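Reviewing the structure listed below.
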Amino acid sequence: MTFEHPAEKGRSGGLGRFEKLAELASNFTSSAVFSFLCVLLVAGFVTVHLLHLPMEWQHLAGDAMAAVSLLLLALLKNSERRAEHAIQRKLDAIANVLLEEQEGPRSKAHRDLAEVVGIEEEE
């Protein structure tokens, strides 16, 4: 097991299982459904405390909120690192194009830039 940058792992052959799961989770957590579930979780937490339910219920509500917070933190960090790496790849490609401009059009740097930025030539 190696600890590579998340974006580096997907470079050789697409996204791995974790990256696919992180992408799906990121899409779900940015949806209105997830926001509604979080509001319900917080409402349940407040209700448990206001009703003075047994301590086990209070611990359960607190543990559920802590687990969701921890998962969201890990997801946020993964998403941040992938976005950071994508931006860096684009900046590197732009820098390469500028440095190789003297070589003439359609150098390797131009092809790399088109690939990284997602430019598709229309024929």
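Coordinate-derived values only; no laboratory data. Fair warning: this is a prediction, and the values are worked out from it, not measured in the lab. Note that we place each Cβ from the backbone using ideal geometry, even for glycine, and neighbour counts take in every protein chain shown.
Be a star and scan segment 80-103 for residues whose amide nitrogen sits under 18 Å from the point 7 Å along the Cα-to-Cβ vector of Glu23.
Hits in segment 80-103 for Glu23 at 18 Å: 80-90.
Assuming R0 = 22 Å, what is the FRET efficiency of Lys108 and Glu84, from their Cβ-Cβ distance, to the nearest 0.05?
Details: r = 24 Å, r/R0 = 1.11.
Calculated value: 0.35.
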